[in-house]
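Undergrad: Here it is: the structure, laid out below.
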Amino acid sequence: MKIRSIFLPLACAVALAAAGHARSGVAAPTPLDRLFEDADRGNLAPAQAALAGEQPPEVRALIRARLAAARLDPGAAEDPIVRRIAADAAADPAQRRAALAILTSAAFASGDYAEAAIAGAQLEQALADAGLNRRAEEANRTHSLARLLAGRPAQVVEGAVKPGTVPVHYDRVGLPRLEVKVNGQSQEAVFDTGANLTVLSRETAQRLGVEVIDSVARVGNGVEGSVPVRIGIVDKMDIAGTVMRNVAVLVIDDEQLTFPIPGGYDIRAIIGFPVLRALGRIRIENGGRFMVLPPRSGTEATAAPNLRASGNDLFVEAAVDGRPVPLHLDTGANLTSLSARFAAANPDVVARLETQELRTASAGGTRHAQAATWRQVPLALAGQSLRLPEVTVTLPEGATQPSNFGTLGSNVLRAFESYTIDFEAMRLDLGAPATVAAAAP
């Protein structure tokens, strides 16, 4: 059994819209579409290569903005050319979709929910005009959330980020949990880089005195469906001594966060990407500590970035059996896995593997799919290497493929004494290897 983290559509809607690959009856994707598709899956090499060559000014501006967004650069959408393209209904359609996707994502990340709602609605229409109906639906979910938050203040750190430490432990399915304070009350929460927003169950939100907006929206989950949610605003959240205000959260019915595994299992709170990003530099020590670290000093050496962002999704450079693969860095997934997209790109791998049915649980339901089991898989990342006893590879089903190639879950991260996520240097760093057993499913 594999329990995947909750999957929200903010990053997905933006990334897929920018990529815009075609369905039957619509135009084939343009070269710009393909560059953005690759970037949205964590592969920046095609965009970097294109930027090094001859490009029209508009295309150069869009590629620069997309690469800046991958670095979590807050000025990614400030290029006047990008804004001009987004505002011009007569602009090249692929360029305008890309520009609107960049603006929507950047506005939501900065807390300018009103702009995110406007740009997102325009993006939905542009996608619908191109016949990209599935992506238009995802854009609709994004700007619907932004519209509910319009007029609300952006999330901010009160004062400054403060170095601090709180205990962390892994629960019965292998997900990391720590204590946070919500409106002055202690609450255990899953630490989840794969959650596009922080999440509370309905009962938990009520108990913690969270303001809930009385309108219902829908968000995507990890099993290619959607669940109804409300938006809540946490007035004050304290993580290891750093205080944040105006934290937007998704409020989900308790039963949607109860998972069908033997003995029962539920989650009442999830700390998601926007909160973690605001902490800047964090470390999990598998001996039992979650640490907010001070920023690197100006003289401290740092290796080249190995992380890149797509909206609120985080990817890490990795090599699976020597094959370069960007993997979704998801501390809220208990197992590392490879997707149907990886299987389609590597048929020689799956052809020799045994298959079985896989059940994936997420908020709002489960999904059954055919999958293969790949045993003794070499994995390299962040200058370290290990061999995973087994990895599940989902097999292709029909024409729909997931947006990424696979997920790097907590079982790999637990194979090292610590791991550090630095959102400023865009680095994942690993401590010394721990035990081989930690990497087992």
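Undergrad: Please count how many residues of the stretch 355-385 are modelled with pLDDT of 95 or more and hydrophobic (A, V, I, L, M, F, W, C).
TA: The qualifying residues number 6.
Undergrad: Let me ask something else about it. So which residues in the stretch 85-117 are out of contact with any Leu (no Cβ under 6 Å at 6 or more places or on another chain), buried (at least 24 other Cβ atoms within 10 Å of the Cβ) and hydroxyl-bearing (S, T, Y)?
TA: S105
Undergrad: Out of the strands (runs of 3 or more DSSP E) lying entirely within the stretch 135-209, which hold 3 or more residues that are more than 30 Å from S403 (Cβ to Cβ)?
TA: It comes to 164-170, 176-182, 185-191.
Undergrad: On the basis of being hydrophobic (A, V, I, L, M, F, W, C) and touching a His at 6+ places or on another chain (Cβ under 9 Å), does L408 make the cut?
TA: In short, yes.
Undergrad: Check whether at least one residue in the stretch 254-269 is part of a strand (DSSP E or B), among the hydroxyl-bearing types (S, T, Y) and modelled with pLDDT of 90 or more, and report yes or no.
TA: yes
Undergrad: If you scan the stretch 233-271, which residues turn out to be crowded, with 21+ Cβ neighbours inside 10 Å and in contact with an Asp or Glu (Cβ under 6 Å, 6 or more places away or on another chain)?
TA: Within the stretch 233-271, L257, I270 qualify.
Undergrad: Going through A98, A76, A121 one at a time, which residue ends up being farther than 26 Å from P228 by Cα and either at pLDDT 95 or above or among the acidic types (D, E) (or both)?
TA: After applying the criteria, what remains is A98.
Undergrad: Can you pull out the strands (runs of 3 or more DSSP E) entirely within the stretch 272-359 that have at least 2 residues that are acidic (D, E)?
TA: Passing ranges, in order: 313-320.
Undergrad: Among the residues of the stretch 163-175, is there at least one that is open to solvent by less than 20 Å² (accessible area, probe 1.4 Å) and under 14 Å from A240 (Cα atoms)?
TA: yes
Undergrad: Still on this structure: Any residue at all in the stretch 143-150 that's within 30 Å of P294 (Cα to Cα) and touching a strand residue (DSSP E or B) at 6+ places or on another chain (Cβ under 9 Å)?
TA: For the stretch 143-150, residues within 30 Å of P294 (Cα to Cα) and touching a strand residue (DSSP E or B) at 6+ places or on another chain (Cβ under 9 Å): absent.
Undergrad: Right, here's the next one. Could you run through the stretch 61-82 and say how many residues are more than 25 Å from the chain's Cα centre (by Cα) and open to solvent by 70 Å² or more (accessible area, probe 1.4 Å)?
TA: The number of residues fulfilling the criteria is 1.
The values are calculated or read from the model by the stated rules, or taken from the named source; none is laboratory data. Everything numeric here is computed off the predicted structure, so don't read it as measured data. Ideal geometry is used to build each Cβ from the backbone, glycine not excepted, and the neighbour counts take in all protein chains shown. Surface areas here come from the heavy atoms of the whole protein model, side chains and all, with no ligands, DNA or RNA. Shrake-Rupley method; radii C 1.70, N 1.55, O 1.52, S 1.80 Å.
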